[in-house]
Each structure stands twice: as C-alpha cells, then as structure tokens.
Amino acid sequence: MAHHVLDNPAWNAMGSGNRNLALGNERAKFFPEDIGPFAGLKNYDEQSFLELYNLIPPERIIAIPNSNRLSIPEYWKVKDRFDVPQLTFNLNKLPSISFHGIVPLSPKDIPQMIALTKLTEPGPFLQRTIEFGNYTGIFNSGELVAMAGERMHANEYIEISAVCTHPDYLGKGYGSSLINNQVQKIVKEGNIPFLHVKGDNEHAINLYKRLGFTVRKNMNMYVLQK
C-alpha cells in the first residue's frame, strides 16, 4: 500500500520544498537547531535511528512526526510523545479575506515574533524559523499582536504554522483572517494547505474545521534527546 506524503511529513518536506534548509543524508535528515526541531527518516529502523543519532550534536532535542507508532532505540531519551491531529484544507471552500491589516513580516520583526510565540506557545519558533517563509502579522501601534506563517513544505502540501494572537487581542478574528490569508496564497500557487495541532486543543481544532479544514489523520509526535 502506498503511503501518503503527509504520513512522514518532515522527511518528505526535507526532500522537496524544504530541501534548501535540511541537513543530513539519504537516510536521515534534520533542520538546523535555530530553524526548527524537526527530523525525519526514510525508514524508521534501527540503522536509520543510529544514523540520525550520529549526525546531530550532543543534547540536541528533535521532534519526529509520523503516522505510525515508532519503536525508539534505547540510546535515545524519549522526552515526550503526544497525539497531533493533522488537518488538510478542503479545496472547495476557498475563503475570502476578512481583514486587511495583514502585512509581511521580515527579519527586523524576529524579536517581536519570538516574544509573541513565547507568550502564546503555538509551537517552537526560533531565531531562523522565519526562513520557512511567508510569515504575516497584524500590528497595533507598532506592537505585533497576531501572526502566522509556513513551515513544512512536502511536495504540493504546505503547512500553516505559528498561528497565534496576543491574549489582549483575542476575539477580534485576527487568527481566522491570518489563516484565510495563508490559505488563499497557498491555493493560488497550486498547493494544498495543511496543519498540525495538539490533540487536546479543542478550541483550535474547531476553529480550523470552521475555516475549511478536515482531520486527515491522527499523528504521533515524538520528542527525543540525544
């Protein structure tokens, strides 16, 4: 049975749309530590896990998303494993843009982007995460109050990520507008939006469903340390 490209998204992204950011070899790949924690293997066997272990620096923490439960060799420290629903966008429901104050974000905005993601915890955001591309935000009096961007780009699938809003600005529809804006761009380029969300974040899951996403599969996210 053929596997879907999103069953092993990090590996497939690092061999296609994110190959310019990836390190590693033909069996094991990973992003630089200041871009993102993700790693992927072509095959999740003992030899490949050892290959990845030998490639990364001591104490490095990595995250591996996969549709299957994995058998992790004992020389890795398993820090966490959690359920992550993976949602894909229904192409028949292209949204309209509902907010016009959305602007592109650039390297000068990185300090504010890091501060906002530390406050809201949408997932890892680091000094070079912006290099994944197409980060957009909403400002109020010079303060970044909401943002979203792209992350894994596996073949025709582009992940929407780092969707977050400052607590003082919730309920204004900023998150929905930013997601719709990302969806418009991705679909117009001939690609398909997808995203991951923690399984216990029912509010976010319900929002994404209202915006035209459906759960494709429940994924496993492994957080490992060398």
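Some points to look at:
- Anisotropy class of the range 75-131 from Cα gyration tensor, a/c 1.5 cut: oblate
- When the chain is treated as a Gaussian network with alpha carbon springs shorter than 10 Å, the biggest mean-square fluctuation among Ser67, Ser141, Ser96 belongs to Ser141.
- From least to most packed, judged by other beta carbons within 10 angstrom and beginning with the fewest, Leu94, Leu87 follow the order Leu94, Leu87.
- For the chain, the square roots a ≥ b ≥ c of the C-alpha gyration tensor eigenvalues yield an a/c of 1.5 or more together with a/b exceeding b/c, which makes the shape prolate.
- FRET efficiency, Asp83 to Val187 (Cβ-Cβ, R0 25 Å, nearest 0.05): 0.35
- Structure note, pairs Lys118/Lys198; Lys29/Lys226; Lys42/Lys185; Lys79/Lys226: Cα-Cα distances above 19 angstrom occur for Lys42/Lys185.
- Under 23 Å from Lys188, Cα to Cα: lysines that are on another chain or at least 8 residues apart: Lys93, Lys209
- For Met152, Met219, order by how many other beta-carbon atoms lie within 10 Å, fewest first: Met219, Met152
- Extension gain from Asn68 to Thr214, taking 0.36 nm per residue of separation minus the Cα-Cα distance: 50.6 nm
- Counting other Cβ atoms within 10 Å as a rough exposure proxy, the listed residues His4, His196, His100 run His100, His4, His196 from fewest neighbours to most.
- Contact order normalised by residue count of the range 31-77, Cα under 8 Å, 6+ apart, percent: 43 percent
- Summary value for the range 82-174: 24 percent relative contact order, contacts being C-alpha pairs under 8 angstrom separated by 6+ residues.
- Taking the chain and dividing mean pair separation by its residue count, relative contact order in percent (alpha carbons under 8 Å, at least six apart): 30 percent
- Around the amide H of Gln86, modelled in the peptide plane, lie the amide H atoms of Arg216, Lys217, Asn218, Met219, all under 5 Å away and 5 or more residues distant in sequence or on another chain.
- Helix-only CD estimate at 222 nm, as mean residue ellipticity for the chain, using -39500 (n - 2.57) per DSSP H run (n ≥ 4): -6500 deg cm²/dmol
Read-outs throughout are calculated quantities, based only on the coordinates presented, and are distinct from any laboratory measurement. Just so you know, these numbers come straight off a predicted model, no measurement behind them. So basically every Cβ, Gly included, is an ideal-geometry build from the backbone, and we count neighbours across all protein chains shown.
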